[in-house]
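The values are calculated or read from the model by the stated rules, or taken from the named source; none is laboratory data. As the structure is a prediction and not an experimental result, all values here were calculated from the model. Here Cβ is always computed from backbone atoms with ideal geometry, including for glycine, and neighbour counts include all displayed protein chains. These accessible areas exclude ligands, DNA and RNA; they are computed on the full protein's heavy atoms, side chains included. Shrake-Rupley method; radii C 1.70, N 1.55, O 1.52, S 1.80 Å.
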Amino acid sequence: MSQSNRVTRRELLRAAAAMGATFAWGDALALPSRTRWVERRDLFAEGVASGDPASDSVILWTRASGVGQAAAVPLIVELADDQAFTRVIATARTRALAVADHTCRVLVGGLQPAKTYWYRFADEQGNGSRIGRTRTAPADDDQRPVRFAFVSCQNVCEGAQNAYKRMAYDDERAGPEDRLWFVLHLGDFVYEVVDYPEDFPGGHRYDRRLRPAVRYPQGEKIRQGFHIPVTLEDYRTLYRSYLRDPDLQDARARWPFVSMWDNHEFSWLGWQSFLQFDGIDRPGQTRKVMANQAWFEYQPARVAKNGRGSLERFEAPPVKDAPIERFDESGLGQEPNNLAAIRSLHQAIPDLRLWVDNGLADADAGRAWLALELGDLVLGSEVQRDLSMLVGLADATAHIILSLDHKDDRFLGPVELRATPVLWPSRIIAMTLSRVGSAAGPDLELLDALNHAAPGRQIFAAGGVRGGEDLHQLARRGVSGVLVATALHAQSIGPAEIAAVASPAT
């Protein structure tokens, strides 16, 4: 990986601050550990974990358990080239805070791509966590295939998590080129609907023997026989209970996880900030934020924290449960507490900006959507009635992308919109709908026409792109970017083709 593509120490420090993580930097000079470390897994009962590996950095996580009401527990984290920690390349001091349920996250940078590292935590007395293993992502130009496993929908109350044991068994016996790089968790890391054995005949549900793995301190029993979380402590108890499973804990210590969110992290039939039970939608803004906070605390994920205060804790936005009765054209509930709860989950990911096309054709609706700060707004010419949308949002063009939609040689939208490039924002999508999925090649005539009509704009090609040669041709034409879907699915464009066209030498 070229040095110009690597994240600098200053950039990673800013990223760590945004994520609420402690920062550490790998040193080229590896030295033996100077930390007095004696493994005490009972004092780190939820184990260790790593997550969201990049080619030069990774997030490390642990929780200090059994520390009572201590406001802060000082910890030392070490990352080494070897499991014996005779070659420690990064050391940092961090804190496990009571306001974060004594969890902590450390972002370690300055690492080498595609490399295995070992890490561990210890308190001031030398009481240490178990040793974890992690691996950085490959460099952009690494041509080797990456092997990973994906998992989802784990429920410790209805079954053991021994699939992870089999994964580790197979991985230990595989050749170096066939071992897993990471685990992709597709969501439902926890099931918030908990079935207590005594609530079901014979302690069984279907053919499953129920295990008393989770007991909520408070909880609420619903008619279907399940118990659901009510408080932040309930949600935290859920994660702690899951991480006491030995196979799940072993897996998090063996591989970095890339984790995403699904419904059960919040509520079984939940959507936006609604909980649905017995066919009735119940407003659950407060529980949504609690669920977001617990996920933030227990997943080593590369997400930015909510709020602007302490960098070591999630700052829950003040919300209350309120009826959600008004929805926008995309079905998003406009009740302020609902929007605040959703925004607490929509964390800013470094270097990623969402483009959202939700079919808006009204300036007031567009302004209201932009106020949510959920991404940039794509305006499709096909749904515009006139120039009013662009005129009404003239002061917000930095957050707008105009998609000039065409089908064959016909422009879809108001004629005056196509004929008034002075109103166009700085980013334009040249969309040829008839070429989408056709493998007919990009519409070069349209791209040239738009470049001539609006010089200096960023033009993004959409429709017909087939493979790497098309990417090179578009780059030579000065196109700023490409919207690609079918070619990715067909695997005619992959990491190698993208890296080749993104290279400064191309």
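A few comments on the model shown:
- Among the residues making up region 257-277, those that are touching a residue at least 60 places away in the same chain (Cβ under 8 Å) and touching a strand residue (DSSP E or B) at 6+ places or on another chain (Cβ under 6 Å) are Phe257, Val258, Ser259, Ser267, Gln272.
- Hey, Leu488 part of a helix (DSSP H, G or I) and more than 28 Å from the chain's Cα centre (by Cα) or not: no
- Looking only at region 362-418, residues that are among the acidic types (Asp, Glu) and either over 29 Å from Asp443 (Cα atoms) or part of a loop (DSSP other than H, G, I, E, B) (or both) come to 7 in all.
- Hits in region 104-121 - residues which are in contact with a strand residue (DSSP E or B) (Cβ under 8 Å, 6 or more places away or on another chain) and either of a type in the set (Lys, Arg) or surrounded by fewer than 23 Cβ atoms within 10 Å (Cβ to Cβ) (or both): Arg105, Gly109, Gly110, Ala114, Lys115, Thr116, Trp118, Arg120
- In the set (1) under 30 Å from Leu339 (Cα atoms); (2) part of a loop (DSSP other than H, G, I, E, B); (3) open to solvent by 10 Å² or more (accessible area, probe 1.4 Å), the condition left unmet by Pro425 is number (3).
- Number of the exception - Asp364 against (1) surrounded by fewer than 16 Cβ atoms within 10 Å (Cβ to Cβ); (2) modelled with pLDDT of 90 or more: (2)
- Evaluation of Phe411 against (1) modelled with pLDDT of 90 or more; (2) under 36 Å from the mean Cα position of the chain (by Cα) (one fails), failing number: (2)
- Pick from region 182-206, criterion without any contact (Cβ under 8 Å) to a residue 60 or more places away in the chain and in a loop (DSSP other than H, G, I, E, B), ranking: nearest to Pro53 (Cα to Cα): Asp195
- Against the test of being within 20 Å of the chain's Cα centre (by Cα), at pLDDT below 85, assigned to a loop (DSSP other than H, G, I, E, B) and buried (at least 16 other Cβ atoms within 10 Å of the Cβ), the options Ala316, Ala348, Ala341 yield a single qualifying residue, Ala316.
- Where Arg254 falls short, out of the listed (1) touching a strand residue (DSSP E or B) at 6+ places or on another chain (Cβ under 7 Å); (2) among the basic types (Lys, Arg); (3) in contact (Cβ under 8 Å) with a residue 40 or more places away in the chain; (4) closer than 24 Å to Asp195 by Cβ: (4)
- Selection within region 42-54 - under 17 Å from the mean Cα position of the chain (by Cα) and open to solvent by less than 10 Å² (accessible area, probe 1.4 Å): Ala49, Ser50, Gly51
- All of (1) under 26 Å from the mean Cα position of the chain (by Cα); (2) buried (at least 17 other Cβ atoms within 10 Å of the Cβ); (3) assigned to a loop (DSSP other than H, G, I, E, B) hold for Tyr216 with one exception: (1).
- Test result for Glu192, closer than 24 Å to Tyr298 by Cα and surrounded by fewer than 17 Cβ atoms within 10 Å (Cβ to Cβ): no
- Pick from region 65-82, criterion part of a loop (DSSP other than H, G, I, E, B) and of a type outside the set (S, T, N, Q), ranking: surrounded by the most Cβ atoms within 10 Å (Cβ to Cβ): Asp81
- Filter pass, Thr62 being at pLDDT 95 or above and either crowded, with 22+ Cβ neighbours inside 10 Å or assigned to a loop (DSSP other than H, G, I, E, B) (or both): yes
- Residue in region 284-296 that is under 21 Å from the mean Cα position of the chain (by Cα), open to solvent by 50 Å² or more (accessible area, probe 1.4 Å) and closer than 18 Å to Ile59 by Cα present: no
Conditions (1) at pLDDT below 95; (2) within 20 Å of the chain's Cα centre (by Cα); (3) under 18 Å from Glu46 (Cα atoms), marked per residue:
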position: Val108; (1), (2), (3): yes, yes, no
position: Tyr164; (1), (2), (3): no, no, yes
position: Ala168; (1), (2), (3): no, no, no
position: Gly175; (1), (2), (3): yes, no, no
position: Asp178; (1), (2), (3): yes, no, no
position: Asp199; (1), (2), (3): yes, no, no
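- Unmet requirement for Tyr206, which otherwise passes all of (1) among the aromatic types (Phe, Trp, Tyr); (2) at pLDDT 95 or above; (3) open to solvent by 70 Å² or more (accessible area, probe 1.4 Å): (2)
- Within region 158-179, tally of residues that are in a helix (DSSP H, G or I) and either without any contact (Cβ under 8 Å) to a residue 24 or more places away in the chain or of a type in the set (A, V, I, L, M, F, W, C) (or both): 9
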